[in-house]
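A quick write-up on the structure given underneath.
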């Protein structure tokens with residue numbers, strides 16, 4: 001199973017993004033948290049900043065939209081040429097229509113669920129998305145601790161994907177670090193968002209390698 005590590009720039013230095021991007025060049029992608037201060041109680045950045053990130057990044061951008069009115073905005077982010085756009089099922093009205101609109105740009109598309117949202121909310125759409133994201137903390141702020149109950153949710157979602165013979169990426173975001181990533185990978189997750197675990201490390205490149213190695217070890221138990 002392929003393992004992907006995507007550092008979250010929520011833990012980066014927003015004033016020195018190009019430098020911070022360069023420091024994580026060994027990663028598999030960059031996780032970009034877009035927050036509007038309404039869907040979640042935090043505000044980060046919008047289209048113009050993500051456009052600039054797309055211009056300077058040598059890694060694929062995985063844009064995680066924690067915003068309202070996804071039916072309008074998701075496709076606008078996809079049009080920037082980013083690798084992937086992930087939408088929260090809790091904030092999307094026309095799920096199928098918006099998925100199709102994002103895919104029409106050439107971008108991959110994902111669906112995310114908050115900790116309190118059951119996987120049944122995204123089950124009807126598993127066959128038409130490229131990625132599903134389980135939030136293992138309450139979305140809005142970095143540096144939170146992993147919610148242990150997320151493990152069973154990830155395990156159940158992986159079982160659903162296997163039952164449908166889908167190769168959909170299973171991403172986990174929230175509290176991922178070197179102490180828990182092996183156990184999380186053992187539940188079936190293959191794509192990991194890590195913020196502070198990477199950006200607070202003295203050697204970010206080595207941190208990414210260590211996270212990937214531990215996740216791979218966990219995946220071998222499946």
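Every read-out reported here was derived from the displayed coordinates using simple, explicitly stated rules and does not represent laboratory data. Everything quoted here is computed from the prediction, not taken from an experiment. A quick note on method: Cβ atoms are made from the backbone with ideal geometry, for glycine too, and the neighbour counts reach across all protein chains shown.
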Residue 166, sole failed condition from (1) surrounded by 14 or more Cβ atoms within 10 Å (Cβ to Cβ); (2) at positive phi | (2)
Checking residue 25 against (1) assigned to a loop (DSSP other than H, G, I, E, B); (2) more than 17 Å from residue 140 (Cα to Cα); (3) in contact with a helix residue (DSSP H, G or I) (Cβ under 7 Å, 6 or more places away or on another chain), which single condition isn't satisfied?
-> (3)
Kindly provide the set of residues from the stretch 145-161 that are over 17 Å from residue 182 (Cα atoms) and either part of a loop (DSSP other than H, G, I, E, B) or touching a strand residue (DSSP E or B) at 6+ places or on another chain (Cβ under 7 Å) (or both), ordered by number.
-> 157, 161
Considering only the stretch 178-221, give the helices (runs of 4 or more DSSP H) lying wholly within it that have at least 2 residues that are closer than 15 Å to residue 27 by Cα.
-> 196-199, 204-219
